[in-house]
Amino acid sequence: MDPRGVSTVLVVGAGAMGHSIAQVFAQAGIDVELVDLDEGKLSRAMTLIQSNLDLLAECGRVPSAQIPEIVARIRPSTNLAAAAKDTGFVLEAVNEAPEIKQRVFSQLDRFCPPDTVLASNTSSLNIFKIARIKRPERLIVAHWFAPPHIIPLVEVAPGPATLPKVIAFTTALMQRLGKRPLVLKQYVPALIVNRIQNSIARVVWEMLEKAWATPEQIDLAVKTSLGIRLPIVGVVQSVDFTGLDVAADIMRGYGAVSPVVAEKVEQGHLGAKTSKGLYDYGGRSEEEILTKRDRQYLKMLEHLERIRAFDPI
Ligand SMILES: NC(=O)c1ccc[n+]([C@@H]2O[C@H](COP(=O)([O-])OP(=O)(O)OC[C@H]3O[C@@H](n4cnc5c(N)ncnc54)[C@H](O)[C@@H]3O)[C@@H](O)[C@H]2O)c1
């Protein structure tokens, strides 16, 4: 299983995700069978792919002269059986409905060669329970983010039967596309990013339902605070700057201190101020660590202000 040998892939579902995922494969020089039930979705997909590529060219990320050959690598079709018969890798991106996914995987099981890797783009449905296929060792999650032709991350998650060589192949194939695959030890519902997004969504809906803040206020609040910090320190390292002792006090106020935080506090690892917390700063002084962080924050702030990111789209 060598991802460098992949010359054709199959993308099933040409909607919001599928069209753009197909485009990414085509940009990497790989032929794509793009299958949907709906002819209208397929022609819309090809229109969107053209406009995505035009924008990438305008921003210097794709040479304009290459656009016709990239588009020509994508073959839209409604015939799954024909499109599946010679493919080594399938990315399923049909609607988030268990019965639809189950039907598609049964068809793929019948139509694809026996060792074709079958990847699903879902994060919230447990595809390992839904898909009924004869060889579950070739089933994996490869979860992309919208818009796939821009966002680098692909979360890769194996099921209980997925073979290590299937994980390695999928990861290397995503790297060949220029993506940043992140391999989880095992599938957990919603994976990493949607778990975080879901917990944000819960409190956002509550604030809107109770009219505590307007949509514009919530977004401006997030953009002018977390929006500057998150790209630099993420959500975990951020706590090293709060201080784990302070974080423990805050958690105590809400009812319970996470054992992860309690253990660090007990060991005296309080974050940047002790040069060790959830991250290890290798003995650097607090001043050195803060200066490095703040230099990045200032660059981020300047960039966001320059592109007027605090205004709504
Ligand atoms: N939209 C997002 O931001 C996002 C992000 C990450 C993952 N996902 C996941 O990706 C998957 C696709 O999401 P989407 O937003 O692209 O959905 P979408 O509704 O835009 O597209 C789904 C497409 O699948 C097609 N389809 C349905 N049944 C089919 C079949 N049997 N054979 C072929 N095509 C079929 C539909 O006609 C439609 O064009 C879902 O599992 C979703 O949860 C979505």
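Each value in this text was obtained by applying a stated rule to the coordinates, not by laboratory testing. Source: prediction; values computed, not measured. All Cβ positions, glycine included, derive from the backbone under ideal geometry; neighbour counts span all protein chains shown.
Per-structure values
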read-out: Relative contact order of the chain, pairs being alpha-carbon contacts under 8 Å that are 6 or more residues apart, as %; value: 12
read-out: Overall Cα dimensions of the chain - principal axes, largest extent first, Å; value: 61, 45, 44
read-out: Net +/- balance of residues flanking Lys85 in space, Cβ distance below 15 Å, scoring K and R +1, D and E -1; value: -3
read-out: Residue exposure sequence - His303, His149, His269 - by fewest surrounding Cβ within 10 Å; value: His303, His269, His149
read-out: Within-13-Å neighbourhood charge of Asp36 [Cβ basis; K, R +1; D, E -1]; value: -1
read-out: Convex hull per residue volume in Å³, alpha carbons only, for region 213-306; value: 101
read-out: Cα centroid separation - region 38-102 against region 235-249, whole Å; value: 43
read-out: Efficiency of FRET from Cβ geometry, Leu153 and Glu288, R₀ 22 Å, rounded to 0.05; value: 0.15
read-out: Cα-Cα over 24 Å, subset of Lys129/Lys185; Lys129/Lys179; Lys41/Lys85; Lys41/Lys165; value: Lys129/Lys179; Lys41/Lys165
read-out: Least to most buried among Met251, Met174 (fewest other Cβ within 10 Å first); value: Met251, Met174
read-out: Residues Ala213 and Ile130, FRET efficiency given R0 of 35 Å [Cβ-Cβ distance, rounded to 0.05]; value: 0.40
read-out: Sparsely packed trypsin sites (Lys or Arg not before Pro) within region 168-260, loop by DSSP, other Cβ within 10 Å at most 16; value: Lys185, Lys210
read-out: The chain, helix-only ellipticity at 222 nm - DSSP H runs n ≥ 4, -39,500 (n - 2.57), divided by all residues, nearest 500; value: -15000 deg cm²/dmol
read-out: Neighbour-count ranking [beta-carbon atoms within 10 angstrom, fewest first] of Met1, Met207; value: Met207, Met1
read-out: Net +/- balance of residues flanking Arg195 in space, Cβ distance below 12 Å, scoring K and R +1, D and E -1; value: 0
read-out: Ratio of the Cα radius of gyration of region 143-203 to 2.2 N^0.38 Å, where N counts its residues; value: 1.20
